[in-house]
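Comments concern the structure below.
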Amino acid sequence: MTQISAADVSKLRKAIGAGMMDCKKALQEADGDFEKAVEIIRKKGQAVANKRADREASEGVALAQINQEGTFGAMIVLNCETDFVAKNEDFISFANQILELALKKKPETLDSLKQLELKGKSIEDKIIEQIGIIGEKIELAYFEKIDAEQVTSYIHPGNKLATLVGFNKKTEIQVARDVAMQIAAMNPIAIDKENVPADVVEKEREIGREQALREGKPENIVDKIAEGKLNKFYKESTLLNQDFTKDNKKTVRQYLQESAKDLTVTEFLRYSLSN
C-alpha cells in the first residue's frame, strides 16, 4: 500500500475541507493520486446525495452581505438536514465562500450562481463534495440581490434570519442598519401601500367586511369599517407605515425623513428559516 504522508492528507483536507480520516482513506484508495482522491470523495458525495434526495433539508443558514462600496448586496440560503451541521464552522465557512463569490460575480439567477467556479469546481459540484464530507443533504436553496445607491445587510444571531435593504441615496450607517433590523423584527410584506399586491389588498378588504358582518354591523357601514381595517393592515404590514421599533411614536417613514427629507427604501429582502 502506498505510504500517505501527513502533508498529503493536510493538502487534500485544505483543498476540499474533508476530515483527516476521510482524506487519508481517499488517498489510500487512490494510491496517493491527489486528483483521484478528490474524485473518490466527490463520487461519495453523489452517492450520498442520491440516497438522501428525498430527505427534508429545512435547517441551514441565511446569510446576507454587501460589497465594499455598499452599493450591491447578496443573500443566500444554504440548507442542510440538522441544526448540528448548520452550526458547524466548516459549513458556515462554505456558505460564506458562496456568498462572497456571489458578491464578486453578481450572477443573475440561482442557477447561474450554482455554475460559478469555486476552487476549481462549480458550486454545484462543491456542494456534492460537501454532501460526501458531511453525510447530509445540502442544498443551495435561495439567492437574491439588490443594487441601489446604498445597500445594508443584517444577519440575526444564529444565522437563521437575514435581511437586505436598498435606499435611494446614501445615509448614515446606523440609520440603514436600523431599517434592516426593523425588517427582521417586523416582517413587512411591502415597502408602502401601493406596493401591496392587488389580490392581497382585496383579500384583506374582504376579511374586514366579513368581520364587520359577523359583529352585526349595519350593511351601510360595512365597507367603511373594512377600509378602516385595511388601513390598519397597511400600518402593520408595510415598512414605511410601521411604527419604528426604536421609537413607536414615529413611523419608519418619519424616521427616514428626519435623516434626509427624500430618503426612502427602494427594495428589501427578508429570509427566515424559522417561519
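What's the magnitude of the charge dipole for the chain around its Cα centre, counting Lys and Arg as +1 and Asp and Glu as -1 at the beta-carbon? Answer in Debye, nearest 20.
Numbers: 42 positive and 46 negative charges, 86 e Å.
So the magnitude is around 420 debye.
Nearest 10 degrees is fine. How inclined is helix 123-134 to the longest principal axis of the chain, computing both from alpha carbons?
Roughly 70 degrees, rounded to the nearest 10.
Once you have the alpha carbon radius of gyration of the stretch 193-259, what is it after dividing by 2.2 N^0.38 Å, with N set to its residue count? Intermediate values should be presented prior to the final figure.
Working: Rg = 14.4 Å, N = 67, 2.2 N^0.38 = 10.9 Å.
Rg over 2.2 N^0.38 Å, computed on Cα atoms: 1.33.
Which of the lysines could a cross-linker span from K145 if the Cα-Cα distance has to be under 24 Å and same-chain partners fewer than 8 positions apart are dropped?
Counting by Cα, and skipping residues close in sequence, K145 has these lysines nearby: K104, K105, K106, K114, K119, K121, K126, K160, K169, K170, K193.
Just to check I understand the Karplus step: with θ = phi - 60° and J = 6.51 cos²θ - 1.76 cosθ + 1.60, what whole-Hz values come out for the stretch 91-100, glycine and proline as x?
Each residue's phi maps through the Karplus curve to give 5, 5, 4, 4, 4, 5, 4, 5, 4, 5 Hz.
Applying the Karplus parametrisation 6.51 cos²θ - 1.76 cosθ + 1.60 with θ = phi - 60° to the phi angles of the stretch 167-181, what ³J(HN,Hα) value in whole Hz is obtained for each residue in order, glycine and proline being reported as x?
Result, rounded to whole Hz: 10, 7, 7, 5, 9, 5, 4, 5, 4, 4, 5, 4, 5, 4, 6.
Looking at [x] 22.6; [y] 18.7; [z] 21.5, which value of Kirkwood radius over Cα pairs in Å comes from a calculation on the structure shown?
[z]
For L140, list long-range residues whose amide hydrogen, built 1.01 Å from N in the peptide plane, is under 5 Å from its own amide hydrogen.
For L140, whose amide H was placed from the backbone, the distant partners under 5 Å are N79.
Given R₀ = 22 Å, what would the calculated FRET efficiency be for E56 paired with S93, taking r from the Cβ atoms and rounding to 0.05? Each step should come with its number before you reach the end.
Details: r = 24 Å, r/R0 = 1.08.
For E56 and S93, the calculated efficiency is 0.40.
Can you tally the net charge around Q257? Count Lys and Arg as +1, Asp and Glu as -1, for every other residue whose Cβ sits under 13 Å from the Cβ of Q257. Walk me through the numbers on the way to the answer.
Values: positive: K169, K250, R253, K261; negative: E258, D262.
Result for the local shell: +2.
Between L256, N195, I207, whose Cα lies farthest towards the positive end of the dipole of the stretch 193-259 when Lys and Arg beta carbons carry +1 and Asp and Glu beta carbons carry -1, centred on the Cα centre?
My answer, from the dipole projection, is L256.
Hey, can you grab everything whose amide H is under 5 Å from the amide H of E267? Only 5+ residues off in sequence or another chain; H modelled, so Pro and N-termini drop out.
Residues meeting the criterion, in which the H sits 1.01 Å from N, are G166.
Values quoted throughout were computed directly from the atomic coordinates according to the rules given, and no laboratory measurement underlies them. It should be emphasised that the depicted structure is a prediction, and the values quoted were computed from it without experimental measurement. Glycine also receives a Cβ, built like all others from the backbone with ideal geometry; neighbour counts cover every protein chain displayed.
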